[in-house]
Amino acid sequence: MLVAAVVLGRRQPGGFVVLGWLDQPVLFGTIAIAMVAFTCWLLVDHDMWRPFLVGAFTALTLAWAALGALVGSTTAKPVEQARHASPDGEREVVVYRGYAGRDDAWELRVTSGTWPTSREWDLGCVNAERATLNGVEWTGANTLRVLVSLPKDIDLTLDADTAKPTSRVALGC
C-alpha cells in the first residue's frame with residue numbers, strides 16, 4: 001500500500017498537496033525499512049533470526065534517515081519570497097527564490113483550497129540569466145500577469161475549477 005501511495009503521490013493527480021508529500025525518497029525509504037523491521041518482529045518466529053533481522057533493519061532505518069538528514073542539510077532549497085492572493089481570496093501565487101547554478105531563479109506555484117484537499121500547481125520559473133522577476137499581479141479571478149524584465153510581461157490563465165494553469169512560464173529553467 002505504501003508503494004501504491006508513493007506512485008500516486010508522484011503523479012499527483014489533481015495537484016493535491018497531500019499526495020505530493022509522498023514523493024520524498026528519504027521519508028518513504030525510512031518508513032518502508034521501518035515497516036520491514038516491524039514485519040520481521042511480527043512474522044519471524046526463530047529465536048536467532050528475529051533479533052538479528054529486526055536489529056539489522058532498525059540499523060538500516062537509522063542509517064537511511066541520517067543519510068537523508070545529511071544530504072538534506074547540504075542542498076539549498078528555494079526560500080519563500082512572496083505570496084500574492086487572488087482578488088477573490090480563493091487562490092494564492094507563492095514565489096520561491098533559489099539558485100539555478102550560480103544564477104538566481106524564481107519558482108512560481110499557485111495554491112488553492114484548504115488542507116487536506118488543497119492543490120498546488122507549478123506555474124514555471126524565471127532564471128536570472130534570461131530575465132528578472134519583477135512581480136506577480138492578479139488581473140482577474142483566474143488570470144494573472146508575471147512581470148519580468150523582458151519587453152513583454154507574461155499572462156497566465158488558470159482553470160476555473162482546479163486552478164491548473166493552461167500554460168507555464170519557462171525562462172531559462
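The values are calculated or read from the model by the stated rules, or taken from the named source; none is laboratory data. If you're wondering where the values come from, they're calculated on a predicted model, not measured in any experiment. So basically every Cβ, Gly included, is an ideal-geometry build from the backbone, and we count neighbours across all protein chains shown. In case anyone asks, the SASA skips ligands and DNA or RNA and just uses the protein heavy atoms, side chains included. Shrake-Rupley method; radii C 1.70, N 1.55, O 1.52, S 1.80 Å.
Identify all residues within segment 139-173 that are open to solvent by less than 60 Å² (accessible area, probe 1.4 Å), modelled with pLDDT of 80 or more and hydroxyl-bearing (S, T, Y); write none if there are none.
T143, S167
In segment 143-166, what residues are under 20 Å from the mean Cα position of the chain (by Cα) and more than 20 Å from E90 (Cβ to Cβ)?
If the condition is that a residue be under 20 Å from the mean Cα position of the chain (by Cα) and more than 20 Å from E90 (Cβ to Cβ), then no residue fits.
Look at L171 and say whether it is closer than 21 Å to E80 by Cα and touching a strand residue (DSSP E or B) at 6+ places or on another chain (Cβ under 6 Å).
Taking the combined requirement at face value, the residue satisfies it.
Taking into account only those residues within segment 108-138 that are under 17 Å from R168 (Cβ atoms) and free of Cβ contacts under 8 Å to residues at least 40 places away in the same chain, which is surrounded by the most Cβ atoms within 10 Å (Cβ to Cβ)?
Filtering first and then ranking leaves L133.
Only one of these conditions is not met by V71: (1) β-branched (V, I, T); (2) surrounded by 12 or more Cβ atoms within 10 Å (Cβ to Cβ); (3) in contact with a helix residue (DSSP H, G or I) (Cβ under 9 Å, 6 or more places away or on another chain). Which number is it?
Looking at each condition in turn, V71 falls short on (2).
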